[in-house]
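**Q** Input: one structure, supplied below.
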Amino acid sequence: MKQSNIALLESEGSLYTLDRFTVVPVLQTGGTIRAIEGEKIAFPESSSLSVFPYGPSSGGMVESVYFDILTQGEKIQHVGYDADFKNRSIKLSGLTMNEALLRIERMNGVHCAAYSSLFCNICESGINMDVPDQVKYLRIAMMEAERISSHLFVASRLTGGASQNIAHMNILLLREELLRTIAMAFGHRYFFGVNGIGGINRPVDLNGFAKKIRHITDEYNEIFRTLMDSRVFIDRLDRSAIILGENSSGPALRGSGIKKDGRNFHTYYEGLEFRTITADGGDALARFIVRSGEIQESAAIVEQAVSRVSKLNVDSQGNERNHSFMAGGFMETPSGDASMIVKMGNGRVESIGFRSPSILNMQAFVESVSGNTFADFLFGYESLGIWICEMGDFQ
Amino acid sequence: MKAWILRSFKKGIITSKFPRGKNETASPWSTLPIYKKGKQDPYCPAGAIAQGKVDANRCISCGLCYPEYEPSMDIHGSESSVSVSALKKSIRIYQIDVGSCGACNLEIGALANPQYDMTRLGISFTNTPRHADALMVSGVLTENMREPLRRAYEAMAQPGVVFAVGACAISGSILGKAVSDALHIDVTVPGCPPDPFTIMDAVQKARGIV
Ligand code: SF4
Ligand code: SF4
């Protein structure tokens with residue numbers, strides 16, 4: 001099913017939806033998918049405008065995506081997009097939970113920890129499985145390290161785009177150090193295969209993990225402060241792709257001054273101390289400031305989580321029975337909140353409804369760049385941390 | 001500016017000596033798993049294990065064969081059917097994502113990180129296939145990317161080298177079709193995703209340097 005701006009699941013002629021930051025799917029009586037998805041915005045036609053087709057495979061973009069950029073002189077009038085070029089239509093129906101988990105991890109490999117934790121959390125609640133607190137804290141440590149890595153990546157794209165070459169190289173260096181630290185602790189730079197239903201699949205070594213992460217984030221903080229003194233850098237991001245209101249997700253939402261973060265509503269994060277970072281303005285600069293603040297907060301969360309994990313046994317058993325359930329959940333990924341509804345029947349996936357943060361952020365992006373100059377396009381896009389891979393549909 | 005210079009001095013030399021020296025690190029499960037113990041082949045969700053051996057092209061680096069298998073930590077798993085000496089001095093690479101999860105793309109991009117510094121080996125990325133000597137393809141082949149991939153290949157100077165980076169591109173992994181459904185693959189770079197050192201090693205093999 002194609003993703004919409006809300007998680008939808010269709011089963012036996014009924015439609016279920018899951019609101020943001022909630023875990024209980026709601027049956028829509030009389031609703032139809034078409035009505036809930038809404039109409040696609042029509043592309044305006046005008047003879048005095050120029051259309052720049054951009055993509056789907058363009059050097060400079062990390063993933064394949066197509067844009068139609070309608071301009072009048074330097075100014076962007078309208079942007080249309082097609083994220084379907086690399087849509088893998090990942091097939092999940094008929095799979096066991098474990099088989100589905102491997103595919104969910106790869107829905108967005110860069111945010112594997114968040115997506116695998118989300119799916120495991122939903123399945124565990126669906127089968128009423130008691131999961132040791134240690135496993136939850138380990139997942140938090142993974143997700144927060146992943147958030148730092150993802151935010152550093154966005155920072156590297158912005159500094160690279162703004163020709164801040166020394167800062168760019170220093171951030172790449174820090175991110176590489178972080179990935180190596182993750183690989184040493186978890187056996188994989190992107191956490192593939194660590195999460196299992198009810199536990200973890202292999203031993204991890206958290207010795208020195210939190211300390212190393214703190215070291216990396218402290219170094220980043222120095223770079224951030226130096227960048228905030230650079231008029232050239234700030235000017236590139238200032239007033240680029242202004243997004244205001246509730247229709248975006250993650251750092252984009254918080255960059256518009258709205259103090260909403262899925263971690264504040266999720267049971268996993270209860271009892272952990274961290275600040276919700278917000279900024280004013282809703283532009284690329286605000287999103288950069290939010291991400292930079294979150295990097296520091298994530299380091300603090302990693303420290304707290306790791307201090308609560310002592311000895312973890314490898315155990316992810318007992319999940320291949322003939323379970324039947326429908327359950328929902330959400331998780332704050334580095335790009336924003338994702339929602340998912342899972343329906344299992346006799347131990348097999350019957351249907352999955354999903355809404356990624358990139359679906360919201362892409363729509364917010366194309367609406368925000370109208371009126372910007374062509375040069376702002378890249379900064380606006382990169383500052384949102386949009387992942388095309390997670391915008392695809394499931395079968 | 002002074003702050004940046006001081007920072008660089010503090011860091012010292014961080015660039016790898018690879019390939020002249022040994023790779024300093026490896027992402028464990030991105031390297032080929034090797035047999036450790038047990039009488040039977042363990043369950044492998046990618047069907048990569050048979051008779052005590054792992055098919056590198058199918059392995060999705062999930063680690064589910066642990067503890068019977070453990071990572072080899074060997075980053076030399078790529079295979080090249082070409083050895084293009086004309087590219088020994090320099091090679092320009094165009095990266096094309098035909099259906100990836102993003103991680104392979106970032107590991108290809110990681111070659112530009114200071115720790116790898118690909119430019120010291122004459123490797124660079126180009127933003128257009130017209131200036132490319134090689135395509136690095138990542139992801140499973142989606143129907144919609146078939147045509148852009150073909151066009152990128154045709155735009156590249158011939159003979160161009162085609163790298164399939166990652167289990168998806170090489171074999172379709174557990175997610176879809178391999179790139180070989182549309183193009184002949186010259187170099188396979190196994191792993192899900194491959195370690196950046198494995199990608200660097202593959203580039204050197206295709207140039208006949210290793
Ligand atoms: S790591 Fe996973 S895919 Fe590779 S051989 Fe082991 S079980 Fe199979
Ligand atoms: S091989 Fe693995 S890391 Fe690479 S695109 Fe496929 S799923 Fe992602």
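**Q** Among A:F224, A:F192, which is the only one that is modelled with pLDDT of 95 or more, within 30 Å of B:L64 (Cα to Cα) and not aliphatic (A, V, I, L, M)?
**A** On inspection, the qualifying residue turns out to be A:F192.
**Q** Looking only at segment B:101-122, decide whether some residue is β-branched (V, I, T), away from ligand 1 (no atom under 16 Å from the Cβ) and more than 17 Å from A:C389 (Cβ to Cβ).
**A** Checked segment B:101-122: at least one residue is β-branched (V, I, T), away from ligand 1 (no atom under 16 Å from the Cβ) and more than 17 Å from A:C389 (Cβ to Cβ).
**Q** Return the total of residues in segment B:50-62 being within 6 Å of ligand 1 (Cβ to nearest atom) and either in a loop (DSSP other than H, G, I, E, B) or more than 14 Å from B:S171 (Cβ to Cβ) (or both).
**A** So the count comes out to 4.
**Q** Got a sec? Which of B:C65, B:C104 is assigned to a loop (DSSP other than H, G, I, E, B) and within 12 Å of chain A (Cβ to nearest Cβ)?
**A** B:C65
**Q** Here are some conditions: (1) touching a residue at least 12 places away in the same chain (Cβ under 8 Å); (2) within 16 Å of ligand 2 (Cβ to nearest atom); (3) not aliphatic (A, V, I, L, M). B:G102 meets all but one. Which one does it not meet?
**A** For B:G102, the exception is condition (1).
**Q** Within segment A:323-381, restricting attention to residues that are among the polar types (S, T, N, Q) and part of a strand (DSSP E or B), which residue is surrounded by the fewest Cβ atoms within 10 Å (Cβ to Cβ)?
**A** Residue satisfying both the conditions and the ranking: A:T373.
**Q** Another question, then. Is there any pair linking a residue in segment A:91-110 that is free of Cβ contacts under 8 Å to residues at least 40 places away in the same chain to one that is among the aromatic types (F, W, Y) and surrounded by fewer than 24 Cβ atoms within 10 Å (Cβ to Cβ), with Cβ under 7 Å and at least six apart or on different chains, and which?
**A** none
**Q** In segment B:146-201, how many residues are more than 12 Å from every other protein chain (Cβ to nearest Cβ), more than 16 Å from ligand 1 (Cβ to nearest atom) and part of a helix (DSSP H, G or I)?
**A** Count: 7.
**Q** Could we say that A:L253 is touching a residue at least 40 places away in the same chain (Cβ under 8 Å), surrounded by 24 or more Cβ atoms within 10 Å (Cβ to Cβ), of a type in the set (A, V, I, L, M, F, W, C) and in contact with a strand residue (DSSP E or B) (Cβ under 9 Å, 6 or more places away or on another chain) here?
**A** So A:L253 passes the test.
**Q** Just one of the numbered conditions (1) within 19 Å of A:M107 (Cα to Cα); (2) within 9 Å of chain B (Cβ to nearest Cβ); (3) open to solvent by less than 10 Å² (accessible area, probe 1.4 Å) is not true of A:F153; which one?
**A** Of (1) within 19 Å of A:M107 (Cα to Cα); (2) within 9 Å of chain B (Cβ to nearest Cβ); (3) open to solvent by less than 10 Å² (accessible area, probe 1.4 Å), only one is false for A:F153: (3).
**Q** Any residue in segment A:379-391 that's within 22 Å of B:M145 (Cβ to Cβ): show its pairings with residues that are of a type in the set (F, W, Y) at Cβ separation under 9 Å, as long as the two are six or more apart or on different chains.
**A** Pairs that qualify, where the first residue is within 22 Å of B:M145 (Cβ to Cβ) and the partner is of a type in the set (F, W, Y), are A:Y381/A:F67; A:Y381/A:F365; A:I386/A:F365; A:I388/A:F85; A:E390/A:Y115; A:E390/A:F354.
**Q** Which ones in segment B:22-58 are away from chain A (no Cβ under 11 Å), of a type in the set (A, V, I, L, M, F, W, C), within 16 Å of B:H76 (Cα to Cα) and out of contact with any Pro (no Cβ under 6 Å at 6 or more places or on another chain)?
**A** Those that are away from chain A (no Cβ under 11 Å), of a type in the set (A, V, I, L, M, F, W, C), within 16 Å of B:H76 (Cα to Cα) and out of contact with any Pro (no Cβ under 6 Å at 6 or more places or on another chain): B:L32, B:I34.
**Q** As an exercise: evaluate B:I91 against (1) away from ligand 1 (no atom under 16 Å from the Cβ); (2) at pLDDT below 95 and give the number of the one condition it does not meet.
**A** The one condition B:I91 does not meet is (2).
**Q** Shifting gears a bit: From the list B:L32, B:L135, exactly one residue is crowded, with 22+ Cβ neighbours inside 10 Å and touching a helix residue (DSSP H, G or I) at 6+ places or on another chain (Cβ under 8 Å). Which is it?
**A** The match here is B:L135.
**Q** Under the condition of being among the small types (G, A, S) and surrounded by fewer than 24 Cβ atoms within 10 Å (Cβ to Cβ), which residue from segment B:153-173 is farthest from ligand 2 (Cβ to nearest atom)?
**A** Only one residue tops the list, namely B:A157.
**Q** Taking segment A:75-96 as the region of interest, how many residues are at the interface with another protein chain (Cβ under 7 Å from one of its Cβ atoms), assigned to a loop (DSSP other than H, G, I, E, B) and open to solvent by less than 20 Å² (accessible area, probe 1.4 Å)?
**A** So the count comes out to 1.
**Q** Further, regarding this structure: For segment A:97-120, which residues satisfy the criterion of being in a helix (DSSP H, G or I) and charged (D, E, K, R)?
**A** Listed by number, the residues that qualify are A:E99, A:R103, A:E105.
**Q** Another question, if that's okay. For B:D55, state whether it is open to solvent by 30 Å² or more (accessible area, probe 1.4 Å) and under 15 Å from the mean Cα position of the chain (by Cα).
**A** no
**Q** Any residue at all in segment B:133-143 that is over 17 Å from the mean Cα position of the chain (by Cα) and more than 26 Å from A:Y190 (Cα to Cα)?
**A** Yes, the conditions are met somewhere in segment B:133-143.
**Q** Further question on the same structure: Does segment A:267-282 include one or more residues that are small (G, A, S), free of Cβ contacts under 8 Å to residues at least 12 places away in the same chain and assigned to a loop (DSSP other than H, G, I, E, B)?
**A** yes
**Q** Are any residues in segment B:1-51 modelled with pLDDT of 90 or more, in contact with a strand residue (DSSP E or B) (Cβ under 7 Å, 6 or more places away or on another chain) and not basic (K, R), and if so, which ones?
**A** B:P28, B:W29, B:T31, B:L32, B:P33, B:I34, B:Y35, B:P42, B:A48
**Q** Can I ask one more? Kindly indicate whether any position in segment B:76-91 is open to solvent by less than 10 Å² (accessible area, probe 1.4 Å), among the acidic types (D, E) and within 21 Å of B:A26 (Cα to Cα).
**A** No, because not a single residue in segment B:76-91 is open to solvent by less than 10 Å² (accessible area, probe 1.4 Å), among the acidic types (D, E) and within 21 Å of B:A26 (Cα to Cα).
**Q** Next question, about the same structure. Can you find a residue that is within 16 Å of ligand 2 (Cβ to nearest atom), of a type in the set (A, V, I, L, M, F, W, C) and buried (at least 18 other Cβ atoms within 10 Å of the Cβ) anywhere in segment B:199-210?
**A** yes
**Q** Are any of the residues in segment B:110-122 out of contact with any helix residue (DSSP H, G or I) (no Cβ under 9 Å at 6 or more places or on another chain), open to solvent by 10 Å² or more (accessible area, probe 1.4 Å) and more than 10 Å from chain A (Cβ to nearest Cβ)?
**A** Yes, some residue in segment B:110-122 is out of contact with any helix residue (DSSP H, G or I) (no Cβ under 9 Å at 6 or more places or on another chain), open to solvent by 10 Å² or more (accessible area, probe 1.4 Å) and more than 10 Å from chain A (Cβ to nearest Cβ).
The values are calculated or read from the model by the stated rules, or taken from the named source; none is laboratory data. Worth saying up front: this structure is predicted, and the values here are computed from it rather than measured. Using ideal geometry, Cβ is built from the backbone for each residue, glycine included, and neighbour counts are taken over all protein chains shown. Keep in mind that these areas ignore ligands, DNA and RNA; they rest on the heavy atoms of the full protein, side chains included. Shrake-Rupley method; radii C 1.70, N 1.55, O 1.52, S 1.80 Å.
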